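Scroll down for the structure; my scribbles are underneath it.
What follows is calculated from the coordinates using simple rules that are stated; it is not laboratory data. All values reported here derive from a predicted model rather than from experimental measurement. Quick reminder, even Gly has a Cβ in these numbers, built from the backbone with ideal geometry, and neighbours come from all protein chains shown.
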Amino acid sequence: MNDSAAHREDWTASEELAERMIPLIGALRREHDVVTSLHGHRLLGLSATGLVEVHERVAQLGHERLPIEDSLAVLEAIHALAPGASSLDVARLVAGHASSGEPLETYLADVLAPAMGAVAAEPTDVVLYGFGRIGRLLARILIAHTGGGSGLRLRAIVVRRGSENDLVKRASLLLRDSVHGRFAGSVTVDEEAEQIIANGTRIQVIYSDDPATIDYTAHGIDDAIVVDNTGRWRDEAGLAQHLRSKGVARVLLTAPGKSPLKNIVHGINDDTITDSDRIVSAASCTTNAVTPVLAAIDEAYGVVKGHVETVHSFTNDQNLIDNFHKGDRRGRSAVLNMVITETGAAKAVAKALPQLEGKLTGSSIRVPTPDVSLAVLHLTIERPATKDQVNDYLRRVSLHSKLRQQIDYVESPDVVSTDFVGSHRAGIVDGLATIADEDTLILYVWYDNEFGYSCQVIRVLEVMAGSHPIVLPERREVTLQG
């Protein structure tokens, strides 16, 4: 047998194993509220080819190669154990079993003990106020997360009517996206009820331009969290208008919030959210991308000072061609120019990491790409570092630490920005680009400023709702020494 035939045979065998994984993944979600992932990459809804591909991809991103037959064996054993509501990382369970020396069933019974009998959280209604780039991605994620009716439930979107066929246009924008591709499933409309129906989820479309006068209870919505995606209001007084509407309990802003609002970066300071916090901000995409990496570096090396330069994809507030704009330079064509602009991300980091107050400066260059940005962190550190040491540390942080949902790591000479479209992580460290020279450290951090940020928003939503299931295996602390 030649090499080509052997590779084809290996791929076919992997697809056969992946096909056996699909019903197990679905049954765990539907019957037990168990969400499965592979180093943070969700498995639910993937095709057989997609499952094989994600096994290959995690190896290419610096993780240890994971035999698909090992994933299948773990899934079969989990299904037999029938744990309760939980989030289980199959790759980490495989690795843990390999190092345990125990029979698979014995190992899993011990690790999954905290999830046995775990009950899913009561459902929480979610309303998206605004349905632009972030709003539609949040809708996609919420719909994909819908399982047995527990957790976060997308109930409505609020927009201003744009045209007579507004409902059809909104549904079409949810279904088709030039950057993120076609919605995974079906999207239809019920024009009489003014609802969008996506994969069986009925989403009420409410037309209003006043956040304070909507009666959500008239649509069966109560104690809802309103996610304001408009960016129109960023202070407490403006966002508090939502709380005057019937059926609203809390508000989450998808933009940096003005003091005294808490700016939350999930994984860093989400534990500061209390039941008394009625309005919370999820900060900015750049703040979410760089803060976890800065936290990890500060813990290991100590950050003396630094500069954050973001090479940021253009956004909808810029002009397609030269025209008047109230902001400096942003009136020039976004698709033809690199545009120097300001960013508040460096100062915003200190709201989540107070120890970095006054230590960081920041600036930004908008570039002619529609999505995925790059942050360059130029840091002066207390303890000397080498490139290999820093990269090994950040790779292990991405695999095992409490920041593994936020930080990813890649080593590839060929990756470019489009390779990170759809990343679930807040930021991805490009290890080959790292520069370290004693007390100087330069890191390059990619981030999907739309989808990666939206995933962070969902995580904050889950904290506010108390709906995130127990995560197993438990994440551990990562040190420089390993």
Over 31 Å (Cα to Cα) - which of LYS169/LYS246; LYS258/LYS387; LYS351/LYS402; LYS326/LYS347; LYS305/LYS402; LYS359/LYS387 fall in this group
LYS258/LYS387
Most to least packed among 125-133, 180-188 [average Cβ atoms within 10 Å]:
125-133, 180-188
From the Cα centre of region 241-286 to that of region 193-223, the distance in Å is 21
When the Cα centres of region 320-386 and region 416-482 are compared, how far apart do they sit, in Å?
18
Which of the peptides 87-96, 193-202, 319-328, 253-262 is most tightly packed, and how do the rest follow, going by the mean number of other Cβ atoms within 10 Å of each residue?
87-96, 253-262, 193-202, 319-328
Among beta bridges assigned by DSSP with both residues in the chain, the antiparallel ones amount in percent, to the nearest 5, to 45
Sorted by Cβ density within 10 Å, fewest first, the residues ASP110, ASP70, ASP275
ASP275, ASP110, ASP70
Calculate the dipole size of region 3-115 relative to its Cα centre from +1 charges on Lys and Arg beta carbons and -1 charges on Asp and Glu beta carbons; express the result in debye to the nearest 20.
420
Please arrange LYS169, LYS359 by counting, for each residue, the other beta carbons lying within 10 Å of its beta carbon, fewest first.
LYS169, LYS359
In 10 Å bins starting at zero, report the fraction of Cα pairs in the chain per bin as a rounded %.
4, 19, 29, 28, 16, 4, 0, 0
Cα-centre dipole for the chain with unit charges at Cβ (Lys and Arg positive, Asp and Glu negative), debye to 20:
1500
Furthest towards positive pole of dipole, HIS180, LEU167, ALA255, structure part region 124-255, Cβ charges:
HIS180
Might you report the magnitude of the Cβ-based charge dipole of region 126-194 about its Cα centre, with Lys and Arg at +1 and Asp and Glu at -1, to the nearest 20 debye?
360
Antiparallel DSSP beta bridges within region 124-255, as percent of all bridges there, nearest 5
30
